[in-house]
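Peer 1: Below: one structure in structure tokens.
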Amino acid sequence: MAGDGEEVRNKQVLARDYIDGNPKETDMYFNTSSISLKVPEGSKEVLVKNLYLSCDPYMRGIKAKIPDRLFYSFAHHSPIVGYGVAKVLESGHPDFKKGDFVWGVTKWEEYSLITMTESLFKIQHTDVPLSYYTGLLGMPGMTAYAGFYELCSPKKGEHVFVSSAFGAVGQLVGQLAKLMGCYVVGSAGSKEKVDMLKSKFGFDEAFNYKEEHDLDAALKRCFPEGIDIYFDNVGGKMLDAVLLNMRFHGRIAVAGMISQYNLDQPEGIRNLLSLVYKRIRIEGFTVYDYYHLFPNFLDLVLPYIREGKIAYVEDTAEGLENGPSALVGIFSGQNVGKQVVVVARE
């Protein structure tokens, strides 16, 4: 390791520009710059060595700046931005000190000087794999926790449906629902994923949405008595079919709508009258509003992990050079489990 203040080479993955739609490998390129291993005098910035980077669906392209976006994964000739796990090398911030492990928003490079320190969390529990803080114990895990418990107010015995159930968010929602004593069904995009939802994650039932010509019929088959809670990651035709199958006073938490992101003309939802007839509550949310509950989330989930009651699958790409192909792959469902890029293991 270089000494204090020394300049070191810093491998990076840069974006060519803001992009429209899902990223392609050609939207990214490699660069080697240099970085000083010193935090600017008097600043509250944190210098980190990046260890694990997260590949997530929200990282797809945005044509131009949108005022309410917290950050952009792709911006003109800038390093890709996303969630990651890192080790603190030097800090001007009182909450972080040299040697700490942190998770939060970082850049796709070997070393980062983090100015947005409000998005950093110190990792207190290192008896579980550090990479888990890109998924199960990080932003996706918090999304599952907040959407399921805070928005859906689940009760034992309720019927729960999770779309994109094999994703980092969906696989945890399903298992939390099972641990509460709910009946749980998930949808995924391949036979392998459907089989694993049932065998590894304990879902009661699952189906491959790509093979179902009639989603309404598929849901009626899995939920003959209807759905109490729908955790929505996809929107579109799936949401429309779910509305027909909700029970009275059902709750729908909308975490994402991946089916709509690349459409020039978003699909309409035709079955909204169900909201009135069945007194259904539907609410969209973003995880940023719930990070104050992170300690509660850890108190719930860490014991489950330590006791082996929560299963978690990671798909690991070794090396920053394999980052772009790993990120592109999640948009066609090539990953099996949470996609992580290993920059360094310490």
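Peer 1: Within the P(r) computed for region 204-247, what percentage of the Cα pairs occupies the region above 12 Å?
Peer 2: The share of Cα pairs beyond 12 Å in region 204-247 comes to 59 percent.
Peer 1: Just to confirm, what accessible area per residue do you get for the chain at 1.4 Å probe, in whole Å²?
Peer 2: Averaged over the residues of the chain, the accessible area is 45 Å².
Peer 1: For residue 87, go through the lysines and keep the ones whose alpha-carbon is under 25 Å away, minus same-chain ones fewer than eight residues off.
Peer 2: Result set, ordered by chain and number: 11, 38, 44, 49, 97, 98, 107, 122, 338.
Peer 1: Given the peptides 119-128, 311-320, arrange them by the average over their residues of other C-beta atoms within 10 Å, most packed first.
Peer 2: The most tightly packed comes first, giving 311-320, 119-128.
Peer 1: Could you quote the convex hull projected area for the chain, Cα atoms only and averaged over all directions, in nm²?
Peer 2: Average projection, Cα convex hull of the chain: 17.4 nm².
Peer 1: Here's a follow-up. By how many nm would the segment from residue 205 to residue 191 lengthen if fully extended, with 0.36 nm per residue of separation less the alpha-carbon distance?
Peer 2: Gain on extension, residue 205 to residue 191, equals 3.8 nm.
Peer 1: Still on this model: Considering only C-alpha atoms, what is the centroid distance from region 81-153 to region 218-243, in Å?
Peer 2: That distance is 33 Å.
Peer 1: Right, something else. Out of region 125-188, which trypsin sites (Lys or Arg not before Pro) are coil in DSSP terms and have no more than 13 other C-beta atoms within 10 Å?
Peer 2: Answer in residue order: 155, 156.
Peer 1: Eigenvalues of the Cα gyration tensor times 5, then square-rooted: what semi-axes does that give for region 58-173, in whole angstrom, largest first?
Peer 2: 28, 21, 12
Peer 1: When the accessible area of the chain is computed with all protein chains present and a 1.4 Å probe, what percentage of it is carbon and sulfur?
Peer 2: Details: 7810 of 15430 Å².
The C+S portion of the solvent-accessible surface of the chain is 51 percent.
Peer 1: What nm distance separates the two modelled labels at residue 275 and residue 125, each placed 7 Å from Cα along Cα→Cβ?
Peer 2: Those two pseudo-labels are separated by 3.6 nm.
Peer 1: Still on this model: Sticking to Cα atoms, compute the Rg of region 188-312 to one decimal and its Dmax as the biggest Cα-Cα distance, whole number, in Å.
Peer 2: 16.4, 47
Peer 1: Can you give the helix-only mean residue ellipticity at 222 nm for the chain, where every DSSP H stretch with n ≥ 4 adds -39500 (n - 2.57) and the sum goes over all residues, rounded to the nearest 500 deg cm²/dmol?
Peer 2: Values: 8 runs with 71 residues, N = 346.
Computed ellipticity for the chain at 222 nm equals -6000 deg cm²/dmol.
Peer 1: Quick check: residue separation of residue 309 and residue 6 times 0.36 nm, minus the Cα distance between them. What number comes out in nm?
Peer 2: That works out to 104.5 nm of additional length.
The values are calculated or read from the model by the stated rules, or taken from the named source; none is laboratory data. The structure presented is a predicted model; accordingly, all values stated were derived computationally and were not measured. Methodologically, a virtual Cβ is constructed for each residue, glycine included, from the backbone with ideal geometry; neighbour enumeration extends over all protein chains shown. These area figures cover heavy atoms from the full protein model, side chains too; ligands, DNA and RNA do not enter into them. Shrake-Rupley method; radii C 1.70, N 1.55, O 1.52, S 1.80 Å.
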